1. Within segment A:128-139, take every residue that is crowded, with 19+ Cβ neighbours inside 10 Å and within 9 Å of chain B (Cβ to nearest Cβ) and give me the one that is nearest to A:TYR78 (Cα to Cα).
2. May I ask you to verify whether B:GLY125 is within 24 Å of A:PHE159 (Cβ to Cβ) and either touching a Pro at 6+ places or on another chain (Cβ under 9 Å) or open to solvent by 10 Å² or more (accessible area, probe 1.4 Å) (or both)?
3. Any residue at all in segment A:51-64 that is of a type in the set (Phe, Trp, Tyr) and surrounded by fewer than 19 Cβ atoms within 10 Å (Cβ to Cβ)?
4. Determine whether A:ARG67 is within 26 Å of B:GLU221 (Cβ to Cβ), open to solvent by 10 Å² or more (accessible area, probe 1.4 Å) and more than 12 Å from chain B (Cβ to nearest Cβ).
5. From the list B:ALA180, B:ALA176, B:ALA141, B:ALA152, which residue is surrounded by fewer than 24 Cβ atoms within 10 Å (Cβ to Cβ) and of a type in the set (A, V, I, L, M)?
6. Residue under question is B:PHE33, and the condition is that it be hydrophobic (A, V, I, L, M, F, W, C), open to solvent by less than 10 Å² (accessible area, probe 1.4 Å) and closer than 30 Å to B:GLY193 by Cα; does it hold?
7. In contact with a Phe, Trp or Tyr (Cβ under 7 Å, 6 or more places away or on another chain) and part of a helix (DSSP H, G or I): is that true of B:ALA179 in this structure?
Amino acid sequence: MQLLSLRNLSIASVAVIVAAFSLIFFYAPLDADQGFIQKIFYLHVPLATCALGGFVVAAIHAIRHLRTHDPVHDARAYVSIHMSVIFGVAVLLTGAIWAKASWGKWWVWDEPTLVSFLIVFLLYATYYPLRYAIEDRERQARYASVFAITAGAFVPLNFLAVRLAQSLVHPRVFATADGGLPGSMMFTFGVSLAGMALLWVTLVRYELASKAARAKLSRLRRALDGAGPGAATSRIAPAVPSQAGSG
Amino acid sequence: VSAFRAILAKDLRVELRTLQSLPAMALFALTTFVLFRFGLDRESLSGSLAAGVLLATVLFAAILAVNRLFVAERDEGGFDAMRLAPIDLSALYAAKGVALIVYLGLLELIALPAFALFFLDDAAGILPVAGVLLLADIGLAATGVLVSSIGAHSRARDLIVPLLLLPLLVPVMIAAAGAAEPMLEAGGPSYDGVAKWLGVLGLYDVVFCLIGYAVYDFLLED
């Protein structure tokens with residue numbers, strides 16, 4: 001994450017995503033059962049993987065925050081969860097479109113991955129009211145980190161429970177997507193996954209940089225005109241020291 | 001261990017003298033059963049429907065107890081006293097967890113017979129279901145104490161607790177309902193696939209007890 005400047009990272013993610021989309025539309029073969037709609041798989045699954053991976057990253061930052069009490073890690077955990085929740089909305093939308101096209105319904109309760117993801121999404125959606133409910137900045141950051149760690153452990157447990165809750169005779173429609181994926185599809189999927197991961201990292205870096213810039217700006221403004229109106233910042237977004245964007 | 005015992009004894013004594021949580025929980029559970037009776041328009045339940053009604057009622061009643069768990073500490077400055085005392089704060093976590101398990105156990109002592117009386121044609125499954133509920137209570141207490149401590153320091157306490165707790169309890173609900181379902185089958189209890197669910201419940205209990213133990217100190221330091 002530290003190796004690339006923000007500009008190079010942006011160029012790289014745009015390039016990989018363009019490559020991924022070209023592969024999706026011109027290289028990957030049409031699915032024998034589902035035809036064209038199956039191509040949403042290359043968007044939906046990488047989005048979901050990145051969102052869940054982002055929650056794990058947030059938990060790691062949260063652990064580091066609790067150990068060091070450095071607000072930079074809290075800011076990173078916050079932005080990671082923020083970005084993953086946004087990705088989560090996209091996952092639920094693309095999932096619904098895929099479900100409608102291949103099963104005829106917008107929502108299917110007996111697909112474990114769908115249900116688990118919804119539960120995880122709902123849990124992380126409570127991250128914002130949690131932060132909002134705690135006045136003291138330092139305590140807010142600490143509690144948010146505790147939440148991020150607890151929720152991070154919750155994610156795999158939840159997937160296990162929901163998966164077991166499905167009767168084993170239920171046919172897994174996408175069994176082919178798990179195992180016997182042909183090489184060309186696998187390659188396209190890999191490129192899409194890399195593209196989405198890069199996109200996630202880039203957006204996280206942008207948000208951190210913007211937060212750092214805004215914090216610096218309001219600090220400068222306050223230095224200029226005393227305790228002026230510049231003090232007005234978001235109440236739930238963590239305060240970011242100005243070096244966070246580049247760190 | 002002595003701190004743990006002192007806090008637990010204090011909590012149970014306070015509850016015994018003030019009766020703040022338990023009667024409310026029991027009354028809430030009974031009322032919810034009556035609501036389900038009319039909402040579902042059934043006079044007897046079995047299988048998954050019975051398990052769902054029972055578990056949903058117990059979980060919602062548990063939220064009342066979780067909400068009230070740290071009220072005394074917050075209002076009377078008990079948190080500061082705990083921080084000042086030369087004790088390991090994990091003792092507070094453990095004591096509050098055990099107190100919550102005791103409350104839930106007592107609640108189930110009332111709610112289970114009532115449930116059997118209201119809805120079950122054959123009450124043979126009640127005893128094994130009580131065992132499942134006990135496992136569920138441990139997981140509930142492990143997450144409940146964490147969420148309750150978070151809630152105690154926030155402005156919208158009554159809002160934050162259910163909001164955080166309900167999604168965290170979804171695996172408990174799934175596993176406990178899965179285990180209770182065959183036990184509440186109309187033709188008498190059976191135990192198909194119960195072991196799998198008990199395993200999930202046990203795993204949840206262990207994982208969240210460990211996490212609670214690891215992160216609890218950070219919720220109290222100031």
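1. As a first pass, look at segment A:128-139 and keep what is crowded, with 19+ Cβ neighbours inside 10 Å: A:130-131, A:133-134.
From what's left, within 9 Å of chain B (Cβ to nearest Cβ): A:130, A:133-134.
Details: A:LEU130: 12, A:ALA133: 15, A:ILE134: 15 Å.
That would be A:LEU130.
2. On the way: within 24 Å of A:PHE159 (Cβ to Cβ): no; either touching a Pro at 6+ places or on another chain (Cβ under 9 Å) or open to solvent by 10 Å² or more (accessible area, probe 1.4 Å) (or both): yes.
Criteria not met by B:GLY125.
3. Here is the first cut: in segment A:51-64, the ones of a type in the set (Phe, Trp, Tyr) are A:55.
Okay, now just the ones that are also surrounded by fewer than 19 Cβ atoms within 10 Å (Cβ to Cβ), so none.
No, that holds for no residue.
4. For A:ARG67, the condition - within 26 Å of B:GLU221 (Cβ to Cβ), open to solvent by 10 Å² or more (accessible area, probe 1.4 Å) and more than 12 Å from chain B (Cβ to nearest Cβ) - is not met.
5. Numbers: B:ALA180 fails: surrounded by fewer than 24 Cβ atoms within 10 Å (Cβ to Cβ); B:ALA176 fails: surrounded by fewer than 24 Cβ atoms within 10 Å (Cβ to Cβ); B:ALA141 fails: surrounded by fewer than 24 Cβ atoms within 10 Å (Cβ to Cβ).
One residue alone meets the criteria, B:ALA152.
6. Numbers: hydrophobic (A, V, I, L, M, F, W, C): yes; open to solvent by less than 10 Å² (accessible area, probe 1.4 Å): yes; closer than 30 Å to B:GLY193 by Cα: yes.
Yes, satisfied.
7. Values: in contact with a Phe, Trp or Tyr (Cβ under 7 Å, 6 or more places away or on another chain): yes; part of a helix (DSSP H, G or I): yes.
Judged against the criteria, B:ALA179 is a match.
Matching residues to (1) within 13 Å of another protein chain (Cβ to nearest Cβ); (2) in a helix (DSSP H, G or I); (3) farther than 18 Å from A:THR49 by Cβ:
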| position | (1), (2), (3) |
| --- | --- |
| A:SER102 | no, yes, yes |
| A:TRP106 | no, no, yes |
| A:LEU114 | no, yes, no |
| A:LEU122 | yes, yes, yes |
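The values are calculated or read from the model by the stated rules, or taken from the named source; none is laboratory data. Predicted model, so just to flag it, every value in this text is computed and none were measured. Using ideal geometry, Cβ is built from the backbone for each residue, glycine included, and neighbour counts are taken over all protein chains shown. SASA here: full protein model, heavy atoms, side chains in, ligands and nucleic acids out. Shrake-Rupley method; radii C 1.70, N 1.55, O 1.52, S 1.80 Å.
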